[in-house]
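Take a look at the structure set out below.
The values are calculated or read from the model by the stated rules, or taken from the named source; none is laboratory data. None of these values were measured; they are calculated from a predicted model. Methodologically, a virtual Cβ is constructed for each residue, glycine included, from the backbone with ideal geometry; neighbour enumeration extends over all protein chains shown. Protein only, heavy atoms only, side chains kept; ligands, DNA and RNA dropped before computing areas. Shrake-Rupley method; radii C 1.70, N 1.55, O 1.52, S 1.80 Å.
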Amino acid sequence: EDDATLRWAIANGMKERAGSIVRELLKTMPAFDIVHRIVIPALDSVAHDFEEERTYLPQLMMSAEAAKSAFQEIKYNLSQNGETHAEKCDFVLASVKGDIHDIGKNIVHLLVENYGFAVTDLGIDVPPEKIVDAVSKINAPIVGLSALMTTTIPAMEETICLLREKGYKGKIIVGGAVLNHNLAKKIGADYYAKDAMETVRYANAIWENM
């Protein structure tokens, strides 16, 4: 069965295989059924294993890449049929000013996008003003900020202060090795996510309550 094989391909991080199986499935199955009945449950299962420490980060990344390959085929199919991939809300992502680490941010980008959010990734070492501009331009209800060094926490706080100063009413999620719940609260963030899956869960909860 192709759907079982697609689950297997995603679970095992087989990027090309996932794409080719989706091309076959699209001949007989609606695009959104593939997303909701196969791709997302397969990702959920890998994420659950990751959280239970039955699998590790490289595996999670490979599965996310395989799912991304499946999504690319689905998006292409939808655009050919004049439809669009059902996006949830906009999600702005950035490593704050002074921080040049992006591995964690890239994992968040991949997973959040795979779960249907429209991600605008501003990259690394992003000044507060640039983040505020991007957020207000697209009216994004969720912002994700990353900082991996103690020295860049003040830049994260400055970004949050500037967002609030400019009247931003959305949710600000922060993450990174040097952060914890208390520090996140102290610098004015709405939520501290310890990993990419927690970011996805919180973003989904925001989306469901919009």
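Are there GluC sites (Glu not before Pro) in region 10-81 that DSSP puts in a loop and that have at most 16 other Cβ atoms within 10 Å, and which ones?
Details: sites: E16, E24, E51, E52, E53, E65, E73; in loops: E52, E53.
Those satisfying the criteria are E52, E53.
Quick one: length gained pulling E16 to L162 fully straight, 0.36 nm per residue minus the C-alpha distance? Don't jump to the answer; show the numbers that get you there.
Details: separation 146, 0.36 × 146 = 52.56 nm, distance 4.32 nm.
That pair, E16 and L162, stretches by 48.2 nm at full extension.
Each label point is 7 Å from the Cα along the Cα-to-Cβ direction; what then is the distance between the points at L57 and E83, in nm?
In this crude label model, L57 to E83 measures out at 3.7 nm.
Show me the chymotrypsin sites (Phe, Trp or Tyr not before Pro) within region 40-135 that DSSP assigns to loop and that have at most 15 other Cβ atoms within 10 Å of their Cβ. The partial results should precede the final answer.
Numbers: sites: F50, Y56, F71, Y76, F91, Y115, F117; in loops: Y56, Y115, F117.
Loop-located and lightly packed - Y56.
Return a whole-number percent for the relative contact order of region 129-210, with Cα pairs under 8 Å and 6 or more residues apart as the contact set.
Values: 91 pairs, mean separation 23.4, N = 82.
The value is 29 percent.
No solvent, one uniform scatterer per C-alpha: report log10 I(q)/I(0) for the chain via the Debye equation at q = 0.11, 0.12, 0.19 1/Å, two decimals.
Cα-only, vacuum Debye calculation for the chain: -0.54, -0.63, -1.28.
How high is the relative contact order of region 1-114, in percent, with contacts defined as C-alpha pairs under 8 Å that are six or more residues apart?
Working: 109 pairs, mean separation 34.8, N = 114.
Relative CO of region 1-114 lands at 31 percent.
Of the options N81, S95, A67, report the single residue whose Cα projects farthest towards the positive end of the charge dipole of region 45-104 (beta-carbon charges: Lys, Arg +1; Asp, Glu -1).
Towards the positive end, the residue furthest out is N81.
If a/c stays under 1.5 just call it rounded; otherwise compare a/b with b/c (prolate if a/b is bigger, oblate if not). Do that for region 148-210, with a ≥ b ≥ c from the square roots of the Cα gyration tensor eigenvalues.
Working: a/c = 2.48, a/b = 1.17, b/c = 2.12.
Oblate.
What accessible area per residue, rounded to a whole number of Å², is obtained for the chain using a probe radius of 1.4 Å?
Numbers: 10510 Å² over 210 residues.
Heavy-atom SASA per residue in the chain reads 50 Å².
Can you tell me, using C-alpha contacts under 8 Å and at least 6 residues apart, the relative contact order of the chain as a whole percent? Spell out each step's value before the answer.
Details: 336 pairs, mean separation 35.9, N = 210.
So the answer I get is 17 percent.
Just list whichever of K130/K169; K130/K194; K97/K166; K68/K186; K15/K75 have alpha carbons separated by over 27 Å in the model shown. Don't jump to the answer; show the numbers that get you there.
Details: K130/K169 17 Å; K130/K194 25 Å; K97/K166 18 Å; K68/K186 35 Å; K15/K75 16 Å.
Those over the limit are K68/K186.
I'd like the carbon and sulfur percentage of the solvent accessible area for the chain, probe radius 1.4 Å, heavy atoms only, ligands and nucleic acids excluded. Can you show the working numbers first?
Values: 5440 of 10510 Å².
Carbon plus sulfur share of accessible area: 52 percent.
Among the trypsin sites (Lys or Arg not before Pro) in region 1-81, which ones are in a DSSP loop with at most 13 other Cβ atoms within 10 Å of the Cβ? Mind listing them?
On the way: sites: R7, K15, R17, R23, K27, R37, R54, K68, K75; in loops: K27, R54.
Those that pass, being in a loop and sparsely packed, are K27, R54.
Go ahead and collect, in residue order, the members of region 134-174 whose backbone nitrogen is under 15 Å from a label point 7 Å along the Cα-Cβ direction of K186.
Correct set: 149-158.
By its C-alpha gyration tensor, with a ≥ b ≥ c as the square roots of the eigenvalues, how is region 16-136 shaped: rounded for a/c under 1.5, else prolate for a/b larger than b/c, else oblate? Could the numbers behind the result be given before it?
On the way: a/c = 2.59, a/b = 1.41, b/c = 1.83.
Oblate shape, in that a/c is at least 1.5 and b/c is the bigger or equal ratio.
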